[in-house]
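J.: Here's a structure for you.
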Amino acid sequence: MGESGPKGKPDAYRWVVLSAFMGPSIVAQMLWITFAALPTCSTAVLCPTGANETWLTAIYPFVFFVISIPVGYLVDLRGFRSPVIVGAALLAASGLLRPFAPTFPLLLAVQGVGAVGQPFILNSISKLVRGWFPASEVATATGVGTLSIFIGIALGLGLTPVLAEGWGIPAMFELYGVIALLAFLLFAAVARDPPGARPREAPPTLRAIVGMLRVRNIVLLSALFFAGIGIFNSFATYVEPMLEARSVPLDLAGILGGGMILGGIVGAVVLSVVSDRYHTLRTPLLAALGVSAILWALLGIVSGTVPELLVLIAVGFCFMATLPLGLELAARSVPPSSEGAANALVWEFSQIGGTVLIFVFEGVGQGFGWTPTFFLAAVMVAVMLVLGLATVDK
């Protein structure tokens with residue numbers, strides 16, 4: 001089950017297609033995180049309430065939850081190229097129109113156009129990789145592809161406040177729109193189906209997709225994505241008060257959060273290469289979760305900027321690097337005709353966790369202090385490890 005990939009000598013063009021795919025994926029994260037990275041009430045459209053900015057960020061996971069499974073079905077039906085082109089076009093339209101939205105409802109609607117585009121991108125990762133890359137490189141290629149998620153978040157968080165202050169928010173919006181347009185045009189120009197691709201099989205029916213929830217790995221990975229993305233989103237949302245509770249100066253919180261993402265970028269590649277080298281996804285996944293549980297607890301204990309930065313880099317290396325391993329294990333757990341639906345299911349649960357757990361961490365942080373949230377994360381990752389032990393390598 002889950003056997004796919006080209007036969008014969010790999011085509012070097014596979015890396016061109018994967019690189020082109022990373023552009024729209026980076027853009028999706030940048031457009032999503034823009035408003036979370038802006039100062040509260042930073043434009044006349046958003047004022048007088050900063051709650052508007054929350055809606056502009058929250059619409060992405062909400063829309064993803066609503067349309068993820070239908071989009072996954074479309075990916076299985078059409079392959080990766082057409083869905084990614086649709087998603088990239090929607091992101092480009094959103095990016096280009098945002099500077100001209102005169103009211104909050106229109107801005108939210110334009111942001112929603114980009115939110116519709118994101119699932120077309122993320123649900124296509126496994127389909128692209130397993131079509132273009134040989135089995136010996138699939139985990140590595142998935143790791144490289146998912147780097148775009150981390151890079152996009154890092155760029156969105158790092159560039160947005162700097163550009164908004166230096167250039168002004170309208171100019172920053174315009175730049176992001178141009179970047180989104182270029183990413184769309186590049187992918188549409190260079191992406192193509194793999195040579196000698198197998199005839200497409202009939203995509204899974206709705207009944208078959210629901211039936212995937214009886215597949216052990218899919219159920220367990222859905223739970224892991226629920227918790228994992230939930231923890232990450234909670235940290236990304238409340239990084240400043242969490243680190244401030246550890247006596248980290250506010251102006252350094254962003255740097256420390258960036259250290260975590262940097263660690264994730266490196267870890268995603270390293271653990272994926274290790275997975276391909278030793279022909280196992282489960283072992284590096286479990287090892288990363290076990291170390292991550294210890295590191296999250298350590299974050300609640302260590303003090304000092306340098307020690308906390310080092311621990312956060314290690315957390316990113318281990319914890320965030322489990323994302324590509326989980327995506328690939330989900331794809332291998334179903335027939336090739338259902339890879340898009342499998343990705344859609346685990347992403348679906350990740351969006352639920354990414355929304356629900358933010359409120360859980362907020363409640364703990366405001367009720368008991370932010371330092372205990374690190375221990376909460378450690379306990380949750382330990383539970384993820386226990387669930388991971390029940391997975392089956394494919």
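We did not get these values from a lab; they are worked out from the coordinates using the rules stated. Keep in mind that this is a model prediction, so the values were computed, not measured. Here Cβ is always computed from backbone atoms with ideal geometry, including for glycine, and neighbour counts include all displayed protein chains.
J.: Can you work out the Karplus-derived ³J(HN,Hα) for every residue in segment 148-161? Use 6.51 cos²θ - 1.76 cosθ + 1.60 with θ = phi - 60°, whole Hz, and x for glycine or proline.
T.: 4, 5, 5, 5, x, 5, 4, 5, x, 6, x, 7, 4, x
J.: Shifting gears a bit: For a footprinting-style exposure proxy, rank Ile231, Ile294, Ile69 by other Cβ within 10 Å, fewest first.
T.: Ile294, Ile69, Ile231
J.: Based on the Cβ-Cβ distance of Val302 and Leu389, what FRET efficiency does E = 1/(1 + (r/R0)^6) give at R0 = 25 Å, to the nearest 0.05?
T.: Working from the Cβ atoms, E equals 0.35.
J.: Same structure again: Using amide H atoms built 1.01 Å from N in the peptide plane, name the residues 5+ places from Gly79, or on other chains, whose amide H lies under 5 Å from its own.
T.: For Gly79, no residues qualify.
J.: List Arg216, Arg78, Arg98, Arg207 from most exposed to least, where exposure is judged by having the fewest other Cβ atoms within 10 Å.
T.: Lowest to highest Cβ neighbour count: Arg207, Arg216, Arg78, Arg98.
J.: To the nearest 0.05, how large is the calculated FRET efficiency for Ile294 and Gln366 if R₀ is 35 Å and r is the Cβ-Cβ distance?
T.: 0.85
J.: Kindly provide the Kirkwood hydrodynamic radius of segment 146-259 in Å, to one decimal, from all pairs of distinct alpha carbon atoms.
T.: Every distinct Cα pair counted, the radius reaches 18.6 Å.
J.: Shifting gears a bit: How long are the semi-axes of the equivalent ellipsoid of segment 21-167, defined as square roots of 5 times the Cα gyration tensor eigenvalues? Whole Å, largest first.
T.: So the three semi-axes of segment 21-167 are 30, 17, 11 Å.
J.: Something else now. Taking amide H positions as placed 1.01 Å from N in the peptide plane, with prolines and chain starts having none, which residues 5 or more places from Lys394, or on another chain, fall under 5 Å of its amide H?
T.: Placed amide hydrogens put Leu281, Arg282 under 5 Å from Lys394.
J.: Something else: With θ taken as phi - 60° and the coefficients 6.51, -1.76 and 1.60, list the Karplus ³J(HN,Hα) couplings across segment 106-123 in order, rounded to whole Hz; mark glycine and proline as x.
T.: Values per residue, Gly and Pro as x: 5, 5, 5, 5, 5, 4, x, 4, x, 4, 5, x, 4, x, 4, 7, 5, 6 Hz.
J.: Which value, to two decimals, describes the C-alpha radius of gyration of segment 208-394 once divided by 2.2 N^0.38 Å?
T.: In units of the globular-protein estimate, segment 208-394 measures up at 1.03.
J.: ³J(HN,Hα) across segment 372-385 via Karplus (A = 6.51, B = -1.76, C = 1.60, θ = phi - 60°), whole Hz, x for Gly/Pro?
T.: In residue order, the calculated couplings are x, 5, 5, 6, 4, 4, 4, 5, 5, 5, 4, 5, 4, 4 Hz.
J.: Averaging sequence separations of C-alpha pairs under 8 Å and six or more residues apart, then dividing by the length of the chain, give the relative contact order as a whole percent.
T.: Computed value for the chain: 26 percent relative contact order.
J.: Around Ser68, with a cut-off of 15 angstrom between Cβ atoms, what is the net charge of the other residues, counting Lys and Arg +1 and Asp and Glu -1?
T.: -2
J.: Here's another thing I want to ask about it. Counting other beta carbons within 10 Å of each residue's own, what order do Trp55, Trp370 fall into, fewest first?
T.: Listing Trp55, Trp370 from fewest to most nearby Cβ atoms yields Trp55, Trp370.
J.: Just checking my list [x] -0.39; [y] -0.34; [z] -0.29 against log10 I(q)/I(0) by the Debye sum over Cα atoms at q = 0.07 Å⁻¹ computed from this structure; which label fits?
T.: Only one listed value fits the structure, namely [z].
J.: Do the sum for the chain: with -39,500 (n - 2.57) for every DSSP H run of n ≥ 4, divided by all residues, what is the mean residue ellipticity at 222 nm, to the nearest 500 deg cm²/dmol?
T.: Taken over the chain, the calculation gives -26000 deg cm²/dmol.
J.: Students often check this: by mean Cβ neighbours within 10 Å, which of 300-312, 182-194 ranks highest, and how do the rest follow?
T.: 182-194, 300-312
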